[in-house]
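The values are calculated or read from the model by the stated rules, or taken from the named source; none is laboratory data. As the structure is a computational prediction, the values presented were derived from the model and not from experiment. Cβ placement follows ideal geometry from the backbone for every residue including glycine, while neighbour counts extend to all protein chains displayed.
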Amino acid sequence: MALFEMKQHGDPKTFVIELNDSSSIAHARKVLAGEETREIHVHGRIIKQPKPYNPGFSYHLDPMTIQFFEMAIEVCDASMSYVEDHLDEVGGAFLPGGHWCPWTSHLTREIV
């Protein structure tokens with residue numbers, strides 16, 4: 001297991017994701033090292049439960065669903081603050097299926 005911090009353009013807050021499989025962890029480390037420059041944005045399915053590693057948020061991403069992408073459809077784009085403020089709507093017309101793919105997301109560091 002490894003934890004990574006991410007940010008979004010224009011938002012001072014940070015969000016933490018948990019990765020559990022070795023290929024995803026390796027990919028995230030390549031992103032941070034600058035070795036991966038295309039699939040750098042975070043996508044995953046929202047779980048409406050807080051995690052201790054992600055204070056300030058009432059949700060987290062299911063580690064088994066997290067992937068990295070270069071481009072995605074608009075229907076899953078939203079800021080982390082907007083998701084928090086509209087969490088009760090996630091899974092309906094807002095972020096159908098709970099899929100979240102913030103277009104400006106980028107990893108900032110691995111939490112050790």
Seminar exercise, completed: Across region 28-44, the tally of residues that are buried (at least 18 other Cβ atoms within 10 Å of the Cβ) and either more than 20 Å from Glu89 (Cβ to Cβ) or charged (D, E, K, R) (or both) stands at 5
For this session: For residues that are hydrophobic (A, V, I, L, M, F, W, C) and at pLDDT 95 or above, scanning just region 81-93, find the one that is surrounded by the fewest Cβ atoms within 10 Å (Cβ to Cβ).
Result: Leu87
For this session: Assess whether Ile73 counts as being surrounded by fewer than 19 Cβ atoms within 10 Å (Cβ to Cβ), in contact with a strand residue (DSSP E or B) (Cβ under 9 Å, 6 or more places away or on another chain) and of a type in the set (A, V, I, L, M).
Result: no
For this session: Enumerate the pairs (first residue in region 1-27 and without any contact (Cβ under 8 Å) to a residue 40 or more places away in the chain and of a type outside the set (Ser, Thr, Tyr); second residue anywhere and assigned to a strand (DSSP E or B) and crowded, with 16+ Cβ neighbours inside 10 Å) with beta-carbon separation below 6 Å, excluding pairs fewer than 6 apart on the same chain, so at least 6 apart or on different chains.
Result: Ile25/Ala2; Ile25/Leu19
